Amino acid sequence: MLRRTTRLALACATAAGAAVLVLPAPAQAATVTVSTTAALDAAISGASAGDVIQVRAGTYYPTETLQSTANGTSSSPITLKPYGSETVKIDGSSLPSGDWIFKLTADYWNVSGITFQNSPDSAVVCQSCTGTTWNNIKTVDNGDSGFTLTGDATVNNTVRNIDSYGNYDAANHGENADGIAIKYGSGTGNLVTGARMYNNSDDGIDLWSFASPVTIEHSWSFGNGQNRWSDSAFAGDGNGYKLGGDGDTVAHVVNNSAAWDNEGNGFTENSNTGAIVINRTTAYANAKWGYYFATGSAKLGKNLAVSNGSGLVSKSSAVTSAGNNWDAGISTPSFVSTDASTTYNARSSSGTLPATTFLTTGSTTIGATMN
């Protein structure tokens, strides 16, 4: 591995003649290409602001958590990505029990295009991070939640076009493994967009005990909480969007997203009494309620609930409800398709969700647009 460095020369003139004092300066940003697990570990732990870490094609098997406390800056982030268009997987099957694959306690990293799989515990954990961007990563078949933001001072992080699926915590019979977990922390400006969270043992996305508003948009959550692991004591909840818990009162926001075929509720406050905003979403064929907001003061607008096991909506008298298909005078448009097979297709070349007619209606006023 090569790293370019610079030295700053300081020339000092003296009456006796000229003297040159050479002082070390911080390392200049480097582009580092790695092709072994040891080199990957060293590049991550030793990164500096502006570094670009390029990972060659292959599957990497770390024997300890890959982690860093090195900060980038807003103008010079640290970048971790595949080399060109190559396929990179980081596999946690050689890690000790309880270890994560990748942990950042750092600011201003851009991570893209990498699959994190088969961790004995959580796959990716970003703790008290600011300004990180996660673009087109996958977290697959891990032993706890696929992707996690946690800790106070979790600020202005963006999770874009993630696929997180098949995560299951056997030790707890599926009770904890979410597709995305934004839990036990606080901080503003966190965004999840274009996510596909499916077939996880617990919830699609879980905002348990996160004390600041999170925005979720253009995302799909489906097939969560089903016992795909033949666990006789299975305990997964299976909510599509779990938007609170542990006594917090937080106005999370969900726009233009969909939940279907989950074993719990499509969208639930989970005892969060804050003014949660749910706008232009669709809940279809979830085993419990399409929308469960029975204790709080949520604002539900232009949402569409169809064929959910417990009913369209359970809402308290404090909920503001307008333009939803359970409200007076609002009709339920027909779906173009209820065949979900295309939702598993590959993403577009730019990483956006695959094109589908599933759950689309053509309406400009109600339900998710499914893109």
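Residues of the stretch 334-360 that are open to solvent by 60 Å² or more (accessible area, probe 1.4 Å) and either within 11 Å of Tyr284 (Cβ to Cβ) or part of a loop (DSSP other than H, G, I, E, B) (or both): Ser334, Val336, Thr338, Asp339, Asn345, Ala346, Ser349, Ser350, Thr352, Ala355, Thr357. Only residues that are within 13 Å of the chain's Cα centre (by Cα), assigned to a loop (DSSP other than H, G, I, E, B) and of a type in the set (Gly, Ala, Ser) were counted in the stretch 111-139, giving 2. Applying the condition of being within 14 Å of Thr33 (Cα to Cα) and assigned to a loop (DSSP other than H, G, I, E, B) to the stretch 70-86 and asking which residue is most open to solvent (accessible area, probe 1.4 Å) yields Ser85. State whether the residues of the stretch 87-98 include one that is open to solvent by 10 Å² or more (accessible area, probe 1.4 Å), without any contact (Cβ under 8 Å) to a residue 24 or more places away in the chain and not hydroxyl-bearing (Ser, Thr, Tyr). Checked against the condition, which is being open to solvent by 10 Å² or more (accessible area, probe 1.4 Å), without any contact (Cβ under 8 Å) to a residue 24 or more places away in the chain and not hydroxyl-bearing (Ser, Thr, Tyr), the stretch 87-98 yields at least one hit.
One residue stands out in the stretch 300-311 among those that are within 10 Å of Asn286 (Cα to Cα) and not aliphatic (A, V, I, L, M): the one that is nearest to the chain's Cα centre (by Cα), namely Asn308.
Table: residues versus (1) surrounded by fewer than 21 Cβ atoms within 10 Å (Cβ to Cβ); (2) charged (D, E, K, R).
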site	(1), (2)
Asn172	yes, no
Ser186	yes, no
Arg196	no, yes
Thr215	yes, no
Arg228	yes, yes
Phe234	yes, no
His252	no, no
Glu269	no, yes
Asn272	no, no
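Within the stretch 204-249, the residues that satisfy the criterion of being assigned to a strand (DSSP E or B) and closer than 21 Å to Lys288 by Cα are Ile205, Asp206, Trp220, Ser221, Phe222, Tyr241, Lys242.
Please verify whether Tyr165 is closer than 22 Å to Gly113 by Cα, among the hydroxyl-bearing types (Ser, Thr, Tyr) and at pLDDT 95 or above, treating the condition exactly as stated. Yes, satisfied. Only one of the listed residues (Ser321, Ser363) is part of a strand (DSSP E or B) and out of contact with any helix residue (DSSP H, G or I) (no Cβ under 9 Å at 6 or more places or on another chain). That residue is Ser321. Out of Gly151, Gly131, one residue alone is among the small types (Gly, Ala, Ser) and closer than 22 Å to Ala43 by Cβ. It is Gly131.
Of the listed requirements (1) within 18 Å of Ala251 (Cα to Cα); (2) buried (at least 24 other Cβ atoms within 10 Å of the Cβ); (3) of a type in the set (Phe, Trp, Tyr), Phe116 misses just one: (1).
The criterion of being surrounded by fewer than 24 Cβ atoms within 10 Å (Cβ to Cβ) and in contact with a helix residue (DSSP H, G or I) (Cβ under 8 Å, 6 or more places away or on another chain) does not hold for Asp246.
Residue-by-condition table, conditions (1) under 19 Å from the mean Cα position of the chain (by Cα); (2) aromatic (Phe, Trp, Tyr):
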{"position": "Asp231", "(1), (2)": "no, no"}
{"position": "Phe234", "(1), (2)": "no, yes"}
{"position": "Gly264", "(1), (2)": "no, no"}
{"position": "Phe267", "(1), (2)": "yes, yes"}
{"position": "Tyr292", "(1), (2)": "no, yes"}
{"position": "Gly296", "(1), (2)": "no, no"}
{"position": "Val313", "(1), (2)": "no, no"}
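Considering (1) more than 25 Å from Asn265 (Cα to Cα); (2) of a type in the set (D, E, K, R); (3) touching a strand residue (DSSP E or B) at 6+ places or on another chain (Cβ under 8 Å); (4) assigned to a loop (DSSP other than H, G, I, E, B), the lone condition that Lys103 does not fulfil carries the number (4). Among the residues of the stretch 281-292, is there at least one that is surrounded by fewer than 19 Cβ atoms within 10 Å (Cβ to Cβ), of a type in the set (Ser, Thr, Tyr) and in a loop (DSSP other than H, G, I, E, B)? No, the conditions are met nowhere in the stretch 281-292. Condition test on Gln54, is it more than 27 Å from Thr352 (Cα to Cα), touching a strand residue (DSSP E or B) at 6+ places or on another chain (Cβ under 7 Å), of a type outside the set (Lys, Arg) and not in a loop (DSSP other than H, G, I, E, B)? Against the criterion (more than 27 Å from Thr352 (Cα to Cα), touching a strand residue (DSSP E or B) at 6+ places or on another chain (Cβ under 7 Å), of a type outside the set (Lys, Arg) and not in a loop (DSSP other than H, G, I, E, B)), Gln54 does not qualify. Taken together, the residues in the stretch 140-161 that are within 9 Å of the chain's Cα centre (by Cα) and among the polar types (S, T, N, Q) amount to 3. It is to be established whether one or more residues within the stretch 293-316 are in contact (Cβ under 8 Å) with a residue 40 or more places away in the chain, outside any loop (DSSP other than H, G, I, E, B) and either open to solvent by less than 70 Å² (accessible area, probe 1.4 Å) or touching a Pro at 6+ places or on another chain (Cβ under 8 Å) (or both). Scanning the stretch 293-316, I find at least one residue that is in contact (Cβ under 8 Å) with a residue 40 or more places away in the chain, outside any loop (DSSP other than H, G, I, E, B) and either open to solvent by less than 70 Å² (accessible area, probe 1.4 Å) or touching a Pro at 6+ places or on another chain (Cβ under 8 Å) (or both), so the answer is yes.
The values are calculated or read from the model by the stated rules, or taken from the named source; none is laboratory data. Everything quoted here is computed from the prediction, not taken from an experiment. Here Cβ is always computed from backbone atoms with ideal geometry, including for glycine, and neighbour counts include all displayed protein chains. For the accessible areas, the whole protein counts, side chains as well, though only heavy atoms, and no ligand, DNA or RNA atoms are used. Shrake-Rupley method; radii C 1.70, N 1.55, O 1.52, S 1.80 Å.
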